[in-house]
Amino acid sequence: MQMNATYNSFVALGDSFTEGMSDRKPDGSYRGWADVLAGRLAARAPGFRYANLAVRGKLIGQIVEEQVETAAAMKADVVTLVGGLNDTLRPKVDMGRVRGLLTEAVETLTPSCGQLVLMRSPGRNGPVLERFRPRMEELFAHVDDLAARHGALVVDLYSAPSLADPRLWDVDRLHLTADGHRRVAEAVWQTLGLAPEEDWRTPPPPTPLPRWASRRAADARFAREHLGPWIGRRLTGRSSGDGRAPKRPELLPYEPPTAP
């Protein structure tokens, strides 16, 4: 990509990672890396337009069915597609079907946008990642292959140790903090060929390890408030995004948020 290129429109597709959980704003809504990136791109391009079609909990089949054709019709300069990770976290998954759907999405989006951007998603250190790592790496290998065949860019967040640091993940251990989302926005920014503004790969400064009792209390809270409900949704086929609409369903001029 050309350094300091100008992009006039951006559409983001995906699930909770792109919707912005858990980067909560004062009004209770979510910001996230895509909103941060849109604000930075808008500062360089008067009349910049932005849509975010991502909805938490969506599987790759739902992304293809509900978001891809809509995004393709917008013909944006930049389109980001991050999907399939929710599928890998299901108890049972047909990875061949996941690969096929991701291929369908890329083949639909590539001719309609200026630049398609894919990602190797970050993973928090811990037993959950280890259990599902083979599926995730199969997904990311397919992402790399699709990018090579279709001229897409890949933002490799998975291999960055800084984004595996538990301090960059919210208490639900599934979503990045505001600092984590800011780092992702910088990673996409640099992948688009724009001049670096920070080193997103640098880990947070060292901090004292919490006491044993504090860690066990955090584990208990996580199991009660997040792991239990998450398992319940998996067993009943429900999703946290059921009935939820995208936060920016149309490609409209981006207005910077006003200070609270």
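The values are calculated or read from the model by the stated rules, or taken from the named source; none is laboratory data. Computed from a prediction, not measured in an experiment: that's the story for all the values here. Cβ coordinates were reconstructed from backbone atoms using ideal geometry, including for glycine residues, and neighbour counts include every protein chain displayed. For accessibility, only protein heavy atoms count, side chains too; no ligands or nucleic acids. Shrake-Rupley method; radii C 1.70, N 1.55, O 1.52, S 1.80 Å.
For the reader, a short list of remarks on this structure follows.
- The GluC sites (Glu not before Pro) of the stretch 50-117 include none that meets both criteria, a DSSP state outside H, G, I, E and B (loop) and at most 16 other C-beta atoms within 10 angstrom of the site's C-beta.
- Under 15 Å of direct C-alpha separation, and excluding same-chain neighbours fewer than eight residues apart, K58 reaches these aspartates and glutamates: D15, E19, E66, D87, D242.
- For D23, distant residues with modelled amide H under 5 Å away: R31, G32
- Taking only protein heavy atoms and a 1.4 Å probe, the accessible area of the stretch 119-181 is 54% carbon and sulfur.
- Restriction of the trypsin sites (Lys or Arg not before Pro) in the stretch 7-96 to DSSP coil positions whose beta-carbon has at most 11 other beta-carbons within 10 angstrom yields K92.
- Exposure of D170 as accessible area (Å², to 10), given a probe of 1.4 Å and all protein chains: 50
- Relative to the current alpha-carbon distance between A245 and D156, full extension at 0.36 nm per residue lengthens the span by 29.2 nm.
- For the stretch 47-140: accessible area per residue (Å², 1.4 Å): 40
- Projected label distance in nm at T202 and D27, using a 7 Å step from Cα toward the beta-carbon: 3.3
- Fraction of alpha-carbon pairs over 14 Å apart in the stretch 120-196 - percent: 65
- Length released on extending from N125 to R167, taking residue separation times 0.36 nm less the Cα-Cα span: 14.1 nm
- Potential lengthening between A195 and L252 on full extension [0.36 nm per residue; Cα-Cα distance subtracted]: 18.0 nm
- Compactness index (Cα Rg / 2.2 N^0.38 Å), the stretch 1-73: 1.19
- Listed cross-link partners K25/K92; K92/K247; K25/K247 are compared with a 24 Å cut-off, the Cα-Cα value being larger for K25/K92; K92/K247.
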